[in-house]
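The structure appears below as structure tokens.
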Amino acid sequence: MIQIDLIEILLKRLKSTGWIQNGGYAIRENPRVLDRFGIRIAVVKPIRIDPFKILQDEIDKFFTSLISIIKKNGIKNIFLPGGGPIPIPQFFLDFCRENGINITVVTDENIDSLNSF
């Protein structure tokens, strides 16, 4: 089986409903920050990890940088790609819970329900 990039599908759907990719992150690949009516969300594309480095260090580094982007942009909703083998780090889950940030893991089971976001 192959994996379909559901995040790319979600990004196209969000943009078709008025979400605009934030100019400050237009060339940044991950995450994509989108804005609509002054509300900002983050959509995380599948994570690329250097296989020659320590996996946990790379994951922690990515989620630490994601926290910085969330704080800088006042993001309250974040969409993460589902279906992979990497668990969401507990420190990131704790940060989101403590700061009222909603995490949605995008899967083929829930992507259609995200059309109205």
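The values are calculated or read from the model by the stated rules, or taken from the named source; none is laboratory data. Predicted model only: the values in this text are computed from it and were never measured. We place every Cβ from the backbone using ideal geometry, glycine too, and count neighbours over all the protein chains shown. For the accessible areas, the whole protein counts, side chains as well, though only heavy atoms, and no ligand, DNA or RNA atoms are used. Shrake-Rupley method; radii C 1.70, N 1.55, O 1.52, S 1.80 Å.
Does Ile59 satisfy the criteria of being of a type in the set (A, V, I, L, M), over 22 Å from Leu114 (Cβ atoms), in contact (Cβ under 8 Å) with a residue 24 or more places away in the chain and not in a loop (DSSP other than H, G, I, E, B)? It is true that Ile59 is of a type in the set (A, V, I, L, M), over 22 Å from Leu114 (Cβ atoms), in contact (Cβ under 8 Å) with a residue 24 or more places away in the chain and not in a loop (DSSP other than H, G, I, E, B).
Open to solvent by less than 40 Å² (accessible area, probe 1.4 Å) and of a type in the set (Ser, Thr, Tyr): does that describe Thr17? For Thr17, the condition - open to solvent by less than 40 Å² (accessible area, probe 1.4 Å) and of a type in the set (Ser, Thr, Tyr) - is not met.
Out of Asp60, Asp112, Asp94, Asp108, one residue alone is open to solvent by 80 Å² or more (accessible area, probe 1.4 Å), among the acidic types (Asp, Glu) and farther than 19 Å from Trp19 by Cβ. It is Asp108. Suppose we keep only residues that are closer than 15 Å to Leu10 by Cα and in contact (Cβ under 8 Å) with a residue 24 or more places away in the chain within region 84-109. Which one would you say is farthest from the chain's Cα centre (by Cα)? Selected residue: Asp108. If you check Asp57, Asp35, Asp50 for being among the acidic types (Asp, Glu) and in contact with a Phe, Trp or Tyr (Cβ under 8 Å, 6 or more places away or on another chain), only one passes: Asp35.
What is the one condition in (1) without any contact (Cβ under 8 Å) to a residue 40 or more places away in the chain; (2) open to solvent by 50 Å² or more (accessible area, probe 1.4 Å); (3) out of contact with any Lys or Arg (no Cβ under 8 Å at 6 or more places or on another chain) that Leu80 does not satisfy? Among (1) without any contact (Cβ under 8 Å) to a residue 40 or more places away in the chain; (2) open to solvent by 50 Å² or more (accessible area, probe 1.4 Å); (3) out of contact with any Lys or Arg (no Cβ under 8 Å at 6 or more places or on another chain), the lone unmet condition for Leu80 is (2).
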